[in-house]
Amino acid sequence: MKILLLSDLHAVLENDSQNLSNSRLHLDQNGNGEWGNALISYISTLNIKYDLIVCCGDIANKGSKASFLAGWTFLNNLSRTLPNAKLVCVPGNHDHQSRPDLSDPDGFSPKHQLQFCEPPFPFNCHEKNTHFWAWNWVLDDSDPQSNLVLLNTSAYHGFSNESHHGRVALETVDQIEKRLANQSSPKAINILICHHHPQRMEHAHDDYDGQQMSGGQKLLNSLQKVDQGPWLILHGHKHYSCISKASSEGEDPPIVFSAGSASAKYADLIDNQFYSIDIDITKTSENERVIGTFETHQFSVGSGWKPSASTNMPAKSGLGSNINSRTLINRIKALLKNEAFLEETDIKDINDELRYFLPAEFKKFKSRLEKNSLVSDIDEANQFILQVGPANAK
């Protein structure tokens, strides 16, 4: 299963001079713009046959109806260039009118514009949209290999101080758990798509975090308790890209993929990125844990879009391995008993496993090599050892 993931577009209308500095994605009413069209062209050059296009919210900027419609049209334009991929989106806090303009005749409801936009949002299906807007979540189980759970974590924005954080109602968690429990057999993979993060991310900007979804920990526990297969959680909001394993009571916790912003230009933003995720459905089903790889593409002024040069989210990385660094290093040491140095052909099995390491796991692996007096030549962008041997070798 191949997923194109992008989030937090913060689209701005090309004639909105006050907000042009908030985003690179300047669009006309038809969803067209030089930067956005170049992004679509770059994605097309990757020649990847995606199954899903996922946007984790904040399509609009600052609750603007016009920018939401332009951004939503842009995503539909992108979808038409990838005709075999299903477009799957959830709203973010900037898509709701949580602080409505009192002069706007449609400003009486934070979600009114989202419910009545064209094309319909988030699905082109009346029944699914009705369930999503009535209960703030929906299950799409139309694919025989996967469940998609779409959750509106901004559903309570516009009431009290709810705009300061996300929320999933505890009763909503119970609904989701009950619905999943009624499925006759597990799917190969379950994917939760939401805007806010389910757990605090104080490491993201080195500050206390109160923006996570209230009820998120109960949600994580319930997803595993229902025992319907492994979970991948895709979210945005923080403008900080990282992959982690959720705090969990289970032996195989959900993989949480925090997507950076594709096009926002806020001061605390690290990089503009989008991601190509490749889930190995066969291995994921057989091992009952998410197994796959992903590629990160990053925008920089002057160079445009290119494979990422970041060590935080490298050009190629993995979604988690069940083999730890110590095990792989012990294998290397065992092989070095008969060889002065190991070339990539000698350690193919080790490299095959390293490609599934999370970025943070791979950093730990490199550190462990040094601590074990091993020197190496590593292809950082691809998490690949070219050569490794003892530090004292002549």
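If you go through segment 325-355 and keep only what is closer than 22 Å to Lys283 by Cβ and in a helix (DSSP H, G or I), you end up with Ser325, Thr327, Leu328, Arg331, Lys348, Asp349, Ile350, Asn351, Asp352, Glu353, Leu354.
The rows are residues; the columns are (1) touching a residue at least 40 places away in the same chain (Cβ under 8 Å); (2) more than 30 Å from Pro254 (Cβ to Cβ); (3) aliphatic (A, V, I, L, M).
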site	(1), (2), (3)
Gly304	yes, yes, no
Pro314	yes, no, no
Thr327	no, no, no
Glu344	yes, yes, no
Glu370	no, yes, no
Asp377	no, yes, no
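Taking the residues in segment 190-223 that are touching a Phe, Trp or Tyr at 6+ places or on another chain (Cβ under 7 Å) and outside any loop (DSSP other than H, G, I, E, B) as candidates, determine which candidate is modelled with the lowest pLDDT. Out of the qualifying residues, it is Leu223.
Here Asn287 passes the criteria (1) within 30 Å of Ser263 (Cβ to Cβ); (2) at pLDDT 90 or above except the one numbered (1). Of the residues making up segment 41-56, just one is part of a loop (DSSP other than H, G, I, E, B) and closer than 17 Å to Phe68 by Cα, namely Cys56. Scanning segment 106-134 for residues that are among the hydroxyl-bearing types (Ser, Thr, Tyr) and at pLDDT 95 or above yields a count of 1.
Name the single residue that is nearest to Ser247 (Cα to Cα) among those in segment 151-182 being of a type in the set (S, T, N, Q) and at pLDDT below 90. Before the answer, list the steps.
Just the residues of segment 151-182 that are of a type in the set (S, T, N, Q), to begin with: 152-154, 160-161, 163, 172, 175, 182.
Checking the rest, the ones that are also at pLDDT below 90 come to 154, 160-161, 163.
Numbers: Ser154: 22, Ser160: 29, Asn161: 27, Ser163: 25 Å.
So the residue we want is Ser154.
The test for being assigned to a strand (DSSP E or B), small (Gly, Ala, Ser) and at pLDDT below 90 does not hold for Ser185.
Looking at segment 364-377, can you tell me whether even one residue there is among the aromatic types (Phe, Trp, Tyr) and touching a strand residue (DSSP E or B) at 6+ places or on another chain (Cβ under 7 Å)? Checked segment 364-377: no residue is among the aromatic types (Phe, Trp, Tyr) and touching a strand residue (DSSP E or B) at 6+ places or on another chain (Cβ under 7 Å). Return yes when Arg368 is of a type in the set (Lys, Arg) and crowded, with 16+ Cβ neighbours inside 10 Å and no when it is not. No, not satisfied. Starting from residues that are assigned to a strand (DSSP E or B) and of a type in the set (Val, Ile, Thr), keep the ones in segment 1-40 and report whichever is modelled with the lowest pLDDT. This residue is Val12.
The values are calculated or read from the model by the stated rules, or taken from the named source; none is laboratory data. It should be emphasised that the depicted structure is a prediction, and the values quoted were computed from it without experimental measurement. Every residue, glycine as well, gets a Cβ built from its backbone with ideal geometry; the counts of neighbours run over all protein chains shown.
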